[in-house]
Amino acid sequence: LDTSEIDLPELKIKRLEALEIAERYQEMVEVGKKYLENDPRTSYLPHLVYFTHKAHRHRGLLYDGRQLWRTWGPVLTAGALGGEIELPGSSEKWKVPEGKEGDFQLMADRAGFYEGFYQLALGNKDAALGAMVNYNDQLYERINSGETLSMATKTYLEFQSLPMAQRLDVLHGRVAPALDGLQWIQPPPESDEDKKLELRLFCDSNRATNRQARFIDVLRKLEHEYSSQGLRVVWISGVLRAERAGREANAMTEIAIQKKLGWSFGVQPGQETGVLERHLVSHGGTLLMAIDSEGILRWEMIDPMFWDEGLYRAIIERLLRNSG
């Protein structure tokens, strides 16, 4: 077996990827931290930081996840300029391999967003909003100065940080928008004394059977686990044309029966009733919101996926604790 062609640093990234695919997230956390501590002098450092962050997210390790970006974000930013950089816990400088500055820039561009992401998950709404606004401002300054941002960074800006900043500013920390005008298929009970926390999911039937199918399973599992403590799920879909509401209602009902969902769910027929619009949710997008026992919007996540179960658990447990 000729191993001379095997790139050891690349193998480390492949190992982290393999652990993620196998859903061995705790191991992924430990391996990622070990590599960052012992072997950060690699052109794959940006990927190491990102995979280790993902592992923290998947496990719901919020303080450590935030700290990871605070520690390594400035390192990646320095690396994006090339030349010699300082590494945490080392007095020796390290030279960024030539031609790799773009990789460092790509990941450095995420640090500001994830500061806001973790702050919101930890319940620090004002700090989260400040971080998102700061992130958006910095990126716009770069755009206005003539810089061309990478597609990945533009995607973060347009589909994550801008809509999040808007909702954080306008909706969070206030009573969640009303659901008046929703065509209920399975309405919520008239009175629900035990309800302490509502997870409100905006997701159409197409996404619920494709991209978000496994997430629906995770949400069902969490609802089963925490329903006795007061967790409820409300699932909302919207169609742009009212005449399609019946078809969408049938598709949602089919999913609910197949997956044995004990949720309240309904569809917004057309745009006139404005349920999605009040929540500042775009048609066809997927958004998960958490609303506390007082009806106050406390947290949200765009495009929630099955692999972040630990994160959802951390949010649910914090909000249930705080609801007394």
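The values are calculated or read from the model by the stated rules, or taken from the named source; none is laboratory data. All values derive from a computational prediction rather than experimental measurement. Note that we place each Cβ from the backbone using ideal geometry, even for glycine, and neighbour counts take in every protein chain shown.
Of the listed requirements (1) in the same structural domain as residue 246 (by TED's automatic domain parsing); (2) modelled with pLDDT of 95 or more; (3) in a loop (DSSP other than H, G, I, E, B), residue 177 misses just one: (1).
Can you name the residue in region 150-161 that is surrounded by fewer than 17 Cβ atoms within 10 Å (Cβ to Cβ) and not β-branched (Val, Ile, Thr) and is also nearest to residue 292 (Cα to Cα) among such residues?
Top of the filtered list is 159.
Being part of a loop (DSSP other than H, G, I, E, B), touching a Lys or Arg at 6+ places or on another chain (Cβ under 9 Å), free of Cβ contacts under 8 Å to residues at least 60 places away in the same chain and not assigned by TED's automatic domain parsing to the domain that holds residue 290 is a property that holds for residue 149. Annotation for region 182-189: at least one member residue is part of a loop (DSSP other than H, G, I, E, B), loosely packed, with under 14 Cβ neighbours inside 10 Å and out of contact with any Asp or Glu (no Cβ under 9 Å at 6 or more places or on another chain).
Taking the listed residues 237, 227, the one that is within 19 Å of residue 285 (Cα to Cα), over 17 Å from the mean Cα position of the chain (by Cα), among the hydroxyl-bearing types (Ser, Thr, Tyr) and surrounded by 13 or more Cβ atoms within 10 Å (Cβ to Cβ) is 237, with no other qualifying. Only residues that are in a helix (DSSP H, G or I), farther than 16 Å from residue 189 by Cα and in contact (Cβ under 8 Å) with a residue 12 or more places away in the chain were counted in region 225-239, giving 2. Residue under question is residue 169, and the condition is that it be surrounded by fewer than 19 Cβ atoms within 10 Å (Cβ to Cβ) and within 29 Å of residue 139 (Cα to Cα); does it hold? Yes, satisfied.
The set of residues in region 115-146 that are within 19 Å of residue 53 (Cβ to Cβ) and not in a helix (DSSP H, G or I) comprises 122, 124.
Being without any contact (Cβ under 8 Å) to a residue 24 or more places away in the chain and closer than 22 Å to residue 172 by Cβ is the requirement here; does residue 277 meet it? Judged against the criteria, residue 277 is a match.
Each row is one residue, and each column tells you yes or no for (1) in contact with a Pro (Cβ under 8 Å, 6 or more places away or on another chain); (2) aromatic (Phe, Trp, Tyr); (3) surrounded by 15 or more Cβ atoms within 10 Å (Cβ to Cβ).
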residue: 105; (1), (2), (3): no, no, yes
residue: 117; (1), (2), (3): no, yes, yes
residue: 124; (1), (2), (3): no, no, yes
residue: 141; (1), (2), (3): no, no, no
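Got a number for residues in region 133-191 being in contact with a helix residue (DSSP H, G or I) (Cβ under 8 Å, 6 or more places away or on another chain) and hydroxyl-bearing (Ser, Thr, Tyr)?
The qualifying residues number 5.
Quick one: which residue in 75, 49, 29 is buried (at least 20 other Cβ atoms within 10 Å of the Cβ), touching a residue at least 12 places away in the same chain (Cβ under 8 Å) and farther than 28 Å from residue 136 by Cα?
Matching residue, one of 75, 49, 29: 29.
Checked against the criterion of being surrounded by 21 or more Cβ atoms within 10 Å (Cβ to Cβ) and more than 29 Å from residue 309 (Cα to Cα), region 34-44 contains not a single residue that satisfies it.
Number of residues in region 25-36 that are over 20 Å from residue 62 (Cβ atoms) and either of a type in the set (D, E, K, R) or out of contact with any helix residue (DSSP H, G or I) (no Cβ under 9 Å at 6 or more places or on another chain) (or both) equals 1.
The rows are residues; the columns are (1) touching a strand residue (DSSP E or B) at 6+ places or on another chain (Cβ under 6 Å); (2) closer than 19 Å to residue 59 by Cα.
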residue	(1), (2)
236	yes, no
262	no, no
275	yes, no
287	yes, no
295	yes, no
307	no, yes
311	no, yes
318	no, yes
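Filter region 240-265 down to residues that are touching a residue at least 60 places away in the same chain (Cβ under 8 Å) and not in a strand (DSSP E or B) and give me whichever is surrounded by the fewest Cβ atoms within 10 Å (Cβ to Cβ). Of everything passing the filter in region 240-265, 253 is surrounded by the fewest Cβ atoms within 10 Å (Cβ to Cβ). The single condition among (1) assigned to a loop (DSSP other than H, G, I, E, B); (2) of a type in the set (Gly, Ala, Ser); (3) more than 19 Å from residue 121 (Cα to Cα) that residue 293 does not satisfy is (3).
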